[in-house]
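**Q** Here it is: the structure, laid out below.
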Amino acid sequence: MQPVNEQPGANLSNYVPDGLAEPLFGVSVTQARSRPQPGDIPATDSEHWTYAVLDAGRILHLPERLDGSGLRHRCLFSGRSQQDMGDVAPWLVELDPTSPLTRDLFSRGEATHHLWSAYPGLFIRTPARFEMLWAHLRKFTRLRDESGRWLYFRFWEPTTFSTLSGIAPSEEPWLGRFFGNHQFFWPDSGQDGTTWFGFCRRGEDEVASPLVLGPVVLAALEAAVRRRRETEDVKDVRARLRSSAPELDLSDEFLASLRSWLQARGFRSHATLRPAMHGLARRFPEGSPPDPGLLELLSDRRKGAGLRLWHIENWKGGGR
């Protein structure tokens, strides 16, 4: 999927990528590529509306931008939670295809108002009106786990929602209540940096069931977070290598194995893990035998990760 401002023949008339025009807004590609004016583009199904749940933590000054957008919006947090966390909170927005904000959500660029690369949130097509959807989604912003502990549940984040869409309601009955009869779209990225949109429509009954985060969801989310962090670390190190050693062509599997090896030896934070991965990949690229002396030193957890990173960067070979 290409951003709207990078599609072939793109111009300021385009407000939504061709592949999303019909499923998300109920309009044809021809309508989407016309120069719309307010009220010019009725939905093909007048009983459905389009919304976004936008993450204020991913969009600079989101509350102020929404206030100036002319779009109906409301924070999914309220009271003290909104006061304390409004700048990183989820906001429900009723999207208008003629709005500049709608186009910004699907545009990529260096400008802060281009939001494609921010993966700003979740998109919804539904027969529910604004207040009904707001009340529905609010139920899921905080959930209890089986011990009774309250947890903020960031369902609007792409990694979280992608994980939920793959869990059967028979394993977590409350998911039927969550998905209801809404259509969900969410952005995600592949290993090659391309962006695609996931789609989920289950049409399930909202069966009454306790809203409890059970072990299936928690385990799936923990695994998804681990995969996402691995992907981000490998992507970061690959970018470093493109600058420092463009001649190296290392596989993602090799970089991931370096990551796992270093993590098992106490390299946990980005400040030490990513530079260590980069340093080892440069010194001992795929297929090259590592220096036993350096491996022994890196396995000595009595030395801090920062000191061992220094040795990676300054290793002369055969000595310390």
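**Q** Would it be correct to say that G190 is more than 20 Å from the chain's Cα centre (by Cα) and modelled with pLDDT under 90?
**A** no
**Q** Give region 267-283 a look and list any residue that's surrounded by 15 or more Cβ atoms within 10 Å (Cβ to Cβ) and assigned to a helix (DSSP H, G or I), or say none.
**A** Across region 267-283, the qualifying residues are T272, L273, R274, P275, A276, M277, H278, G279, L280, A281, R282, R283.
**Q** Scan region 72-103 for residues that are assigned to a helix (DSSP H, G or I) and not hydrophobic (A, V, I, L, M, F, W, C) and report the count.
**A** Qualifying residue count, region 72-103: 11.
**Q** Every residue in region 104-113 that is of a type in the set (A, V, I, L, M, F, W, C), assigned to a loop (DSSP other than H, G, I, E, B) and without any contact (Cβ under 8 Å) to a residue 60 or more places away in the chain, please.
**A** Of everything in region 104-113, just one residue is of a type in the set (A, V, I, L, M, F, W, C), assigned to a loop (DSSP other than H, G, I, E, B) and without any contact (Cβ under 8 Å) to a residue 60 or more places away in the chain, namely A111.
**Q** Quick one: in region 215-244, which of the residues that are more than 21 Å from the chain's Cα centre (by Cα) and buried (at least 16 other Cβ atoms within 10 Å of the Cβ) is farthest from F284 (Cα to Cα)?
**A** R240
**Q** Considering region 102-142 alone, what residues qualify as being under 13 Å from R58 (Cβ atoms) and among the aromatic types (F, W, Y)?
**A** Hits for region 102-142 are W116, Y119.
**Q** Here is a further query. Could you say whether any residue in region 114-137 is in a loop (DSSP other than H, G, I, E, B), loosely packed, with under 15 Cβ neighbours inside 10 Å and within 22 Å of the chain's Cα centre (by Cα)?
**A** No: zero hits.
**Q** Search region 295-307 for residues that are among the polar types (S, T, N, Q) and pair each with any residue that is surrounded by 12 or more Cβ atoms within 10 Å (Cβ to Cβ) when their beta-carbon atoms are under 8 Å apart and the residues are at least 6 apart or on different chains.
**A** S299/R265
**Q** Could you count how many residues in region 81-103 are in contact (Cβ under 8 Å) with a residue 40 or more places away in the chain and acidic (D, E)?
**A** Adding up the residues that qualify gives 2.
**Q** Something else now. Tally up the residues in region 160-192 that are polar (S, T, N, Q), more than 17 Å from A52 (Cβ to Cβ) and out of contact with any Gly (no Cβ under 7 Å at 6 or more places or on another chain), please.
**A** 4
**Q** Among (1) at pLDDT 95 or above; (2) closer than 21 Å to E253 by Cβ; (3) in a helix (DSSP H, G or I); (4) not hydroxyl-bearing (S, T, Y), where does L309 come up short?
**A** In the conditions (1) at pLDDT 95 or above; (2) closer than 21 Å to E253 by Cβ; (3) in a helix (DSSP H, G or I); (4) not hydroxyl-bearing (S, T, Y), L309 misses (2) alone.
**Q** Of D45, D18, D104, which residue is modelled with pLDDT under 80, buried (at least 16 other Cβ atoms within 10 Å of the Cβ) and either under 28 Å from F155 (Cβ atoms) or not hydrophobic (A, V, I, L, M, F, W, C) (or both)?
**A** When all the criteria are applied, what remains is D18.
**Q** From the list E171, E204, pick out the single residue that is modelled with pLDDT of 85 or more and in a loop (DSSP other than H, G, I, E, B).
**A** So the residue among E171, E204 that is modelled with pLDDT of 85 or more and in a loop (DSSP other than H, G, I, E, B) is E171.
**Q** Now, a different point. Pick from E286, E253, E247: which is over 22 Å from G306 (Cβ atoms) and either touching a residue at least 12 places away in the same chain (Cβ under 8 Å) or buried (at least 18 other Cβ atoms within 10 Å of the Cβ) (or both)?
**A** Matching residue, one of E286, E253, E247: E286.
The values are calculated or read from the model by the stated rules, or taken from the named source; none is laboratory data. Source: prediction; values computed, not measured. Reconstructed Cβ throughout: ideal geometry from the backbone, glycine too, with neighbour counts over all protein chains shown.
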